Amino acid sequence: MTHDAVVYDLDGTLVELAVDWGAVAAAVDDALTDRGVTTEGRGLWDMLQLSGETGHRDVVEETITRFERDGARESTRLALADGFPHDVPVGVCSLNAEAAVREALDVHELGRYVGPVVGRDTYGSAKPDPEGLLAVVDQLDATPEQTVFVGDSERDAETARRAGTAFEWARSFDQRRYRA
């Protein structure tokens, strides 16, 4: 089936960010610990949620975004990035910070092929919450039923399910039907 719009995840789908996620988690842990917050061995995304609950979201977002932007500048272009342009509108919905997404798209000269971009910090909700994906669909003047979300994780698949879009795995997505 061909859809009226395609929305891509970024990291692991169009590019591979050069980010040491263990180092990011350690830096976030340090930032929260320095502010008297006990992280109790939580993972990165749990600490991000905890930072919102404890009033330290800004410093945690800044920390993660710094690593992601550095990783965007050194990112590797993946095969799906070579499939542009498309003959349908394209957007990006990512768990990464919007600034890092835009930086990666610019580094790989993909920005001219992509319309709306939503990161985890664009609306204050992150995947699998469907808000960001639905915002991209709306900005593309598409409907969820006629949109396919392409990603590389179970979180992406769950986001698509919640948004009411189709979902395809990046590793098996056939872009030929969308190429201009």
Original post:
Excluding residue 130 itself, what net charge comes from residues whose Cβ is under 14 Å from its Cβ, given Lys and Arg +1 and Asp and Glu -1?
Top reply: -2
Original post:
Taking amide hydrogens as modeled 1.01 Å from N in the peptide plane, which residues meet the under 5 Å criterion relative to residue 5, leaving out close sequence neighbours?
Top reply: 148
Original post:
Relative contact order for the chain using alpha-carbon pairs under 8 Å, separation at least 6, rounded to a whole percent?
Top reply: 28 percent
Subject >> Listed values (i) 0.96; (ii) 0.94; (iii) 0.99, entry calculated as Rg/Rh (Cα atoms, Kirkwood Rh) >> reply: (iii)
**OP:** Give a quick list of GluC sites (Glu not before Pro) in the stretch 1-101 that DSSP marks as loop, anything other than H, G, I, E or B, with at most 11 other Cβ atoms within 10 Å.
**Re:** 40
Original post:
For residue 158, what is the net charge nearby, where nearby means another residue's Cβ is under 10 Å from its Cβ and Lys, Arg count +1, Asp, Glu -1?
Top reply: +1
Original post:
In degrees, nearest 10, range 0 to 90: what is the angle between the Cα axis of helix 21-34 and the longest Cα principal axis of the chain?
Top reply: 40 degrees
**OP:** Report, in degrees rounded to the nearest 10, the 0 to 90 angle that the Cα long axis of helix 57-73 makes with the longest principal axis of the chain.
**Re:** 50 degrees
Original post:
Near residue 25, within a Cβ-to-Cβ distance under 12 Å, what is the net charge of the other residues, with Lys and Arg +1 and Asp and Glu -1?
Top reply: -3
Subject >> Candidates 69, 77, 155: whichever shows maximal mean-square fluctuation once the chain is modelled as a Gaussian network with Cα springs under 10 Å >> reply: 155
Subject >> Degrees separating the helix 154-163 axis from the principal Cα axis of the chain, which is the longest one >> reply: 60 degrees
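None of the figures in this text is laboratory data; all of them are computed from the coordinates on show. On a predicted model such as this, the values are computed, not experimentally measured, just so you know. Cβ sites come from the backbone with ideal geometry, for glycine too, and all protein chains shown count toward neighbours.
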